[in-house]
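*Asks:* One structure follows; several queries about it will come next.
The values are calculated or read from the model by the stated rules, or taken from the named source; none is laboratory data. None of the values given here were measured: they were computed from a predicted structure. Cβ: placed from backbone, ideal geometry, glycine included. Neighbour counts: every protein chain shown. For the accessible areas, the whole protein counts, side chains as well, though only heavy atoms, and no ligand, DNA or RNA atoms are used. Shrake-Rupley method; radii C 1.70, N 1.55, O 1.52, S 1.80 Å.
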2 protein chains.
Amino acid sequence: LIRENARSPIGEEGTRESRKQRTHQALLDAALELMGGDESFSSLSLREVTRVAGIVPTAFYRHFRDMEELGLQLVDECFRTLRQMIRAVRAGPLPSEHIIRSSAEILVRHVHQNRRHFQFIARERYGGVAALRHAIRREIRLFVSELATDLSRFPYLNRWSTEDLMMLAQLMVGAMVNTVEDVLSLPPQRPEEEQEIIRVAEKQLRLIALAAPQWRSARST
Amino acid sequence: LIRENARSPIGEEGTRESRKQRTHQALLDAALELMGGDESFSSLSLREVTRVAGIVPTAFYRHFRDMEELGLQLVDECFRTLRQMIRAVRAGPLPSEHIIRSSAEILVRHVHQNRRHFQFIARERYGGVAALRHAIRREIRLFVSELATDLSRFPYLNRWSTEDLMMLAQLMVGAMVNTVEDVLSLPPQRPEEEQEIIRVAEKQLRLIALAAPQWRSARST
């Protein structure tokens, strides 16, 4: 009996911890769900979010200091899944014609699987909450500098100045962001228009790649 | 006396018409002013807009059917001034190194002079009002196809397929949209960072221009 008692709090603690984790996630999911339509983050109320998550409003504060903290964790979550996807692509061989083609397709597939995440990011990138705007910009800048580092390993590009590599990476990330936003703006079930968007994105990346050997970077001159 | 009376209604009519015009513009300006902070169009109320414009709420309907119509006229207004600016640039000689450099600078200067317009467009491009999102996309697509037509007059490019010219124009307009949004995200009074953004934009346009002669468009093969 004493042993049972001694074990029980640990068991309960574990359950309580995982229950807390589940509620935490339910709150994040509830916010995303509520923004699935035309609602923006700034018009979301704490009360609505807790209602959809199935908890009382006051219990919100066990998980987040305020709505802004929830929003920032959503930004984290969106970029975490995107980063995992990109890391998988990056683990492959050096880019080639084939890598460019598959990158655009992989990205668009990822957008479909995480549509609400991307919709949230697209909207809040210039939305009404400054903290979210800044967090999203930081994440995108991080992508740009990671890509610049990757690019520096390529023939021709290994002689470029850091500033020029950043400029190139920014152009490529910008083209990809525009591609994502084009896909998000499509009405559902438009496979042909989507293929067209993918084809344009591939061509843009190939065009940029063609320019690289022609560029005289400050460092190489 | 009779002559006075006969003339008077015309005079009044003219005054009434121009007064109506002024109130119409005051309502558009009031909406832009209210969105100068972090407020989005969808959270704007008719009551607020009329209060700032100095008219009673019911008088709103003499000018616009609803808030959405006001929003659409704001989109028109924003792109009208941008189009006038671009037409002036286009009237100059064919693009060259010098044109590319001045284009980025002219664009950024224009953003400063019309900051609220651009802030409105950046925010509502993925904002909560579908009609505005669609109108903004339409305007940007129009820019892309006008630029594609311009580009088709250039050496090398005159042999490209229409699809490829559109792809190129989209890449250039996309880079410019990203530049505008970078400038808007800067805190005020950061001339050095702004010069950096302009320099990057110029390099991106020059890089894209370098790729053009290397590209084998479907039509030319």
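*Asks:* What do you reckon, is B:Arg115 over 18 Å from the mean Cα position of the chain (by Cα) and in contact (Cβ under 8 Å) with a residue 24 or more places away in the chain?
*Replies:* Against the criterion (over 18 Å from the mean Cα position of the chain (by Cα) and in contact (Cβ under 8 Å) with a residue 24 or more places away in the chain), B:Arg115 does not qualify.
*Asks:* Does B:Gly71 satisfy being assigned to a loop (DSSP other than H, G, I, E, B), within 14 Å of another protein chain (Cβ to nearest Cβ) and not aliphatic (A, V, I, L, M)?
*Replies:* Considered against the rule, which asks whether it is assigned to a loop (DSSP other than H, G, I, E, B), within 14 Å of another protein chain (Cβ to nearest Cβ) and not aliphatic (A, V, I, L, M), B:Gly71 comes out as no.
*Asks:* Another question, then. If you scan segment B:149-173, which residues turn out to be open to solvent by less than 10 Å² (accessible area, probe 1.4 Å) and without any contact (Cβ under 8 Å) to a residue 24 or more places away in the chain?
*Replies:* B:Met167
*Asks:* So which of B:Met172, B:Met167 ends up being more than 7 Å from chain A (Cβ to nearest Cβ) and in a helix (DSSP H, G or I)?
*Replies:* After applying the criteria, what remains is B:Met172.
*Asks:* I've got another one for you. Taking into account only those residues within segment B:103-156 that are of a type in the set (S, T, N, Q) and assigned to a helix (DSSP H, G or I), which is farthest from the other protein chains (Cβ to nearest Cβ)?
*Replies:* B:Gln113
*Asks:* Right, another one. Determine if segment B:194-208 includes at least one residue that is surrounded by fewer than 20 Cβ atoms within 10 Å (Cβ to Cβ), of a type in the set (Lys, Arg) and closer than 24 Å to A:Val129 by Cα.
*Replies:* Checked segment B:194-208: no residue is surrounded by fewer than 20 Cβ atoms within 10 Å (Cβ to Cβ), of a type in the set (Lys, Arg) and closer than 24 Å to A:Val129 by Cα.
*Asks:* Collect the residues in segment B:36-68 that are modelled with pLDDT of 95 or more and aromatic (Phe, Trp, Tyr), keeping them in residue-number order.
*Replies:* Correct list: B:Phe60, B:Tyr61, B:Phe64.
*Asks:* Take the conditions surrounded by 13 or more Cβ atoms within 10 Å (Cβ to Cβ) and modelled with pLDDT of 85 or more and apply them to A:Glu33. Does it pass?
*Replies:* Answer is yes for this residue.
*Asks:* While we're on this one: Looking at segment B:40-65 only, could you name the residues that are surrounded by 15 or more Cβ atoms within 10 Å (Cβ to Cβ) and in a loop (DSSP other than H, G, I, E, B)?
*Replies:* B:Ser40, B:Leu44, B:Ile55, B:His63, B:Phe64
*Asks:* Here's something else I'd like to know. Anything in segment A:16-44 that is within 15 Å of B:Ser42 (Cβ to Cβ) and hydroxyl-bearing (Ser, Thr, Tyr)? List them, or say none.
*Replies:* Answer for segment A:16-44, where residues must be within 15 Å of B:Ser42 (Cβ to Cβ) and hydroxyl-bearing (Ser, Thr, Tyr): A:Ser40, A:Ser42, A:Ser43.
*Asks:* Of all the residues that make up segment B:181-202, how many are more than 11 Å from every other protein chain (Cβ to nearest Cβ) and touching a residue at least 60 places away in the same chain (Cβ under 8 Å)?
*Replies:* Residues meeting the conditions: 3.
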